[in-house]
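Remarks on the structure that follows.
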Amino acid sequence: MAKEKIKLLVIDDNKKVAWMLREGLNDDQYEIIDALDGKTGIQMMIEEQPRVIILDIKMPGMDGMEVLERIRSINRRVEIIMLSGYGETKQIVRAMKLGASDFISKPFDVEEVEVVIRSVLEKSELKNEVRHLRSELEAKSKYEDFVGDSPQMLEVKSMIGQVADSELTVLIRGESGTGKEVVARTLHGLSSRREGPFVKVNCAALPKELLEAELFGYEKGAFTGAFKKKPGRFELASHGTIFLDEIGEMSPDLQAKILQVLEQREFVRVGGIETIQVDVRILCATHRDLEEALTQGRIRADLFYRLNEITLFLAPLRERKEDIPLLVEYMLRRYCRQYNREYRPFSRRNIELLHEYHWPGNVRELENLVKQIVVRGDESIIARTIPRQVSSQPVSAEENSPYPELTNAPHGVPLKQATQQAVERTEKALIKSVLNRTNWNRKKAAELLKISYRSLLYKIKEYQIR
Ligand SMILES: Nc1ncnc2c1ncn2[C@@H]1O[C@H](COP(=O)(O)OP(=O)(O)OP(=O)(O)O)[C@@H](O)[C@H]1O
Ligand SMILES: [Mg+2]
């Protein structure tokens, strides 16, 4: 199999340098591209992603040192070899401190350049290998906070392993409480950016203008109240990961700006003119039906397809109930440690009860329940709060009450939860009866219920109506 060519970018105002290398280096092994000034060079580095850059120190306009600094602020991996002229020793020392990989003094011959390129690449491969080994080792412990061994979870874990240490943008989908943020943190923790910041932004929490200022920062005087300039979350996430939660809620013009960052890793602050480049990995999440948002024009098609390249889908807990025992054990241990309680596993009967419930709030709901039990030291909360109609326990008199939670109220059921359960019960009963009435003609049933066909299908699945 042919080895991949090494892409080499030459940034030098003197055309001859690139010409010489093209002549002298084997073109089966090297692909050489070149730029005659720093600005073009940086742009080419972003678009072409070369493995190695040969960078002249002395150039009109932006000099090599500045180019080096800018490149390092957006790309830490590319190997940069400086070309120095006579009497530029001082710059060489500074360049090495700024992250240059090596240097070559002019005049040089092509063989010398090739030796330096080879040695730089060898070193970098060694570094990569060490990093890879280290991340495999750490992977084991990192997955400890991401529990589950259902086929769905194993699949997600294997995908995480494949994409974690890459620069790929990953979209994480799943209902609320399924663990999207846990996945995002795991991806960051397993990437070579783990020492850098993990910055989370909830795109649904802020109105459009505020979100824009929050993400991209602003210049002094950009709007009333902007007394001094402020960097945005993208800048704060430099050399780390930014996690855009609820990306489906973003306004179209912000979506366009995000797309620009995704594609070029650059943006302009609110009220600014300078283009700012960032070295940041982007992860996104949504619990929304993005396909529906696309047909309704709420999400830009180009952004949708860009985000959809790598999607991790987290199944709802009711579809992977085999994860419940492991999750419960993990959470019990965690909260017992946190609240200084002695660890005692749940009874078999209680685990069974947990299996019978359909967990609309997913893992978060389970976690809240376990926490409540640990804090109050009372396992019987399970039997009392898990709605009975989905359990296979014999029907008690209490069950005939329209609000069994209220009958249980002395033991304490939060109002919100009780309301939600009552709503679900009513919905389920109504849908069932309309479906029976229409002989399971779902279209007709949806019309009668005055909801969309899609949401009817969703509810049938969610409530497991058969
Ligand atoms: N596989 C898992 N292992 C351990 N804990 C988990 C797992 N999945 C979820 N959790 C826990 O459940 C809670 C909810 O998870 P998380 O916040 O990641 O959900 P989410 O999908 O981001 O929800 P939302 O859409 O509401 O933001 C968290 O406290 C998290 O620690
Ligand atoms: Mg979340």
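Bear in mind that the values in this text are calculations on the coordinates, not laboratory data. From a predicted model like this one, the values you see are computed outputs, not experimental measurements. Backbone-built Cβ (ideal geometry, glycine too); neighbour counts: all protein chains shown.
Note that the stretch 104-111 has calculated 3J(HN,Hα) couplings of 10, 8, 7, x, 10, 10, 4, 4 Hz, one per residue in order, obtained from phi through the Karplus relation 6.51 cos²θ - 1.76 cosθ + 1.60 (θ = phi - 60°); glycine and proline are x.
Using the Cβ-Cβ distance between THR426 and GLU48 with R0 set to 51 Å, the FRET efficiency from 1/(1 + (r/R0)^6) comes to roughly 0.30. Fewest-first ordering of LEU449, LEU353 by other beta carbons within 10 Å of each residue's beta carbon gives LEU449, LEU353. Distance from the Cα centroid of the stretch 323-363 to that of the stretch 43-112 is 56 Å (rounded to whole angstrom). Taking all Cα-Cα distances within the chain, those exceeding 30 Å account for 60%. The angle separating the long axis of helix 324-338 from the principal Cα axis of greatest extent in the chain is about 80 degrees. Here the label points at GLU112 and ASN202, each 7 Å from Cα along the C-beta direction, are separated by 6.0 nm in the simple model.
Inverting the pair-averaged 1/r between distinct Cα atoms of the stretch 316-386 gives 12.1 Å as its Kirkwood hydrodynamic radius. Loop-located GluC sites (Glu not before Pro) in the stretch 168-202 (DSSP state other than H, G, I, E, B) with a sparse environment of at most 16 neighbouring Cβ atoms within 10 Å: GLU195.
Taking other residues whose beta carbon is less than 10 angstrom from the beta carbon of THR438, and scoring Lys, Arg as +1 and Asp, Glu as -1, yields +3.
Given +1 at the Cβ of Lys and Arg, -1 at the Cβ of Asp and Glu and no other charges, the dipole of the chain around its Cα centre is 2000 debye to the nearest 20. Here the Karplus relation 6.51 cos²θ - 1.76 cosθ + 1.60, evaluated at θ = phi - 60°, turns the backbone of the stretch 310-317 into coupling constants of 10, 10, 9, 10, 9, 5, x, 4 Hz, with x for every Gly and Pro.
Taken as Cα centroids, the stretch 435-466 and the stretch 187-251 sit 41 Å apart, rounded to the nearest whole angstrom. Using a/c under 1.5 as the rounded threshold, could you call the stretch 6-129 rounded, prolate or oblate? The axes a ≥ b ≥ c are square roots of the C-alpha gyration tensor eigenvalues, and prolate needs a/b larger than b/c, oblate otherwise. Since a/c stays below 1.5, the shape of the stretch 6-129 is classed as rounded.
Under the rule of -39500 (n - 2.57) per DSSP H run of 4 or more residues, summed and divided by the residues of the chain, what mean residue ellipticity at 222 nm is obtained, to the nearest 500 deg cm²/dmol?
Rounded to the nearest 500, it is -14500 deg cm²/dmol.
Fewest-first ordering of THR169, THR178, THR419 by other beta carbons within 10 Å of each residue's beta carbon gives THR419, THR169, THR178.
Judged by the gyration tensor of its Cα atoms, with axes a ≥ b ≥ c, the stretch 1-78 is oblate; a/c meets the 1.5 cut and b/c is at least as large as a/b.
Modelled spin-label separation between LYS371 and GLU291, with each label point placed 7 Å from Cα along the Cα-to-Cβ direction: 3.4 nm. Remark: the stretch 265-275, residue by residue, has Karplus-estimated 3J(HN,Hα) of 6, 8, 7, 10, 5, 4, x, x, 10, 6, 7 Hz, where x stands for each Gly or Pro and the curve is 6.51 cos²θ - 1.76 cosθ + 1.60 at θ = phi - 60°.
Distance between the pseudo-spin-label points of LYS444 and LYS228 (7 Å out from Cα toward the beta carbon): 7.0 nm.
Loop-resident GluC sites (Glu not before Pro) (DSSP state other than H, G, I, E or B) in the stretch 1-38 with no more than 15 further Cβ atoms inside 10 Å of their Cβ: GLU4. About its Cα centre, the stretch 1-88 has a charge dipole of approximately 240 debye under the convention of +1 per Lys or Arg Cβ and -1 per Asp or Glu Cβ, with nothing else charged. The H on the amide N of LYS229, modeled in the peptide plane, is under 5 Å from the matching H of LYS220, each at least 5 residues off or on a different chain.
Between TYR343 and SER433, what is 0.36 nm times their sequence separation minus the Cα-Cα distance? Round to one decimal in nm.
Length gained, TYR343 through SER433: 27.9 nm.
Sorting LYS450, LYS230, LYS127 by the number of Cβ atoms found within 10 Å of their own Cβ, with the fewest placed first, yields LYS450, LYS127, LYS230.
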